[in-house]
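K.L.:
Next up is a structure, given as structure tokens.
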Amino acid sequence: PETDTGDDEESPGTDDESDEVGELEGQMAEQRTEVSSIASRSKFNTLHILASRHRDRYADIYEALVGQGGEKLAVALRLLRRPDSNRLAFEKRVKSELRRWEAADSHPNLVSVFDWGGEPRPWLVTMFTGETLLEADRSSPQRALAEAADLASAVARLHQNGVIHGGIDPGNVS
């Protein structure tokens with residue numbers, strides 16, 4: 001598959017900043033390696049990173065564009081961070097949760113999971129949702145109540161399928 005890691009810009013730097021630049025270049029090389037590995041394992045023909053990494057509590061998230069069968073789709077590529085200990089148990093739990101999520105994601109208020117895997121680290125490709133509650137302007141009380149009802153409905157659907165979502169917060173709700 002074709003891959004574009006989205007890091008065409010050169011790193012600025014001077015001799016005084018060489019350590020920082022070296023660390024940044026190392027991180028970018030690691031990113032390229034991970035994204036290339038995921039692209040080769042995913043079901044998509046192409047995977048292009050559109051925006052730089054955003055970190056939340058559980059994952060490094062990239063806005064991306066994937067292609068399959070001539071169609072393009074804006075997605076979020078989420079590379080989960082593994083805990084320092086008990087990695088095998090973590091990866092087993094993630095796989096189990098993602099299988100159950102796939103069974104529940106037909107709900108209109110749940111993010112669809114299009115693809116996922118475990119190497120080079122657990123990752124998933126989900127629909128791109130745009131603005132989160134954290135980024136949005138404050139809602140009216142009526143709108144906030146409707147959004148809360150939508151969220152409760154989505155969480156209930158997950159729970160019916162045995163999924164416990166550990167990251168429900170304004171940064172993960174659209």
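The values are calculated or read from the model by the stated rules, or taken from the named source; none is laboratory data. Small disclaimer: the values here were computed from a predicted structure and weren't measured. Backbone-built Cβ (ideal geometry, glycine too); neighbour counts: all protein chains shown. Note: areas computed on protein heavy atoms with side chains; ligands, DNA, RNA excluded. Shrake-Rupley method; radii C 1.70, N 1.55, O 1.52, S 1.80 Å.
K.L.:
Which residue pairs have Cβ atoms closer than 9 Å, lie 6 or more positions apart in sequence or on different chains, and pair a first residue in the stretch 46-59 that is among the acidic types (D, E) and open to solvent by less than 40 Å² (accessible area, probe 1.4 Å) with a second residue that is modelled with pLDDT under 85 and not in a loop (DSSP other than H, G, I, E, B)?
P.N.:
D56/G171; D56/N172
K.L.:
Assess whether L88 counts as being loosely packed, with under 14 Cβ neighbours inside 10 Å and within 26 Å of H159 (Cα to Cα). Explain how you work it out, then say what you get.
P.N.:
Numbers: loosely packed, with under 14 Cβ neighbours inside 10 Å: yes; within 26 Å of H159 (Cα to Cα): yes.
Here the answer is yes, as L88 does meet what is asked.
K.L.:
Give the residue that is farthest from V75 (Cα to Cα), with candidates limited to residues of the stretch 156-174 that are at pLDDT below 85 and either assigned to a helix (DSSP H, G or I) or open to solvent by 60 Å² or more (accessible area, probe 1.4 Å) (or both).
P.N.:
I164
K.L.:
Here is a follow-up. Give the residues of the stretch 121-155 that are of a type in the set (G, A, S), over 26 Å from F44 (Cβ atoms) and loosely packed, with under 13 Cβ neighbours inside 10 Å, sorted by residue number.
P.N.:
S140, A144, A146, A148, A149, A152
K.L.:
Same structure again: For T3, work out the one condition from (1) surrounded by 14 or more Cβ atoms within 10 Å (Cβ to Cβ); (2) touching a helix residue (DSSP H, G or I) at 6+ places or on another chain (Cβ under 9 Å); (3) modelled with pLDDT of 75 or more it doesn't fulfil.
P.N.:
Answer for T3: the failing condition is (3).
K.L.:
Could I ask something else about it? Could you please find all residues in the stretch 74-130 being in contact with a helix residue (DSSP H, G or I) (Cβ under 9 Å, 6 or more places away or on another chain), among the aromatic types (F, W, Y) and part of a loop (DSSP other than H, G, I, E, B)?
P.N.:
Of everything in the stretch 74-130, nothing turns out to be in contact with a helix residue (DSSP H, G or I) (Cβ under 9 Å, 6 or more places away or on another chain), among the aromatic types (F, W, Y) and part of a loop (DSSP other than H, G, I, E, B).
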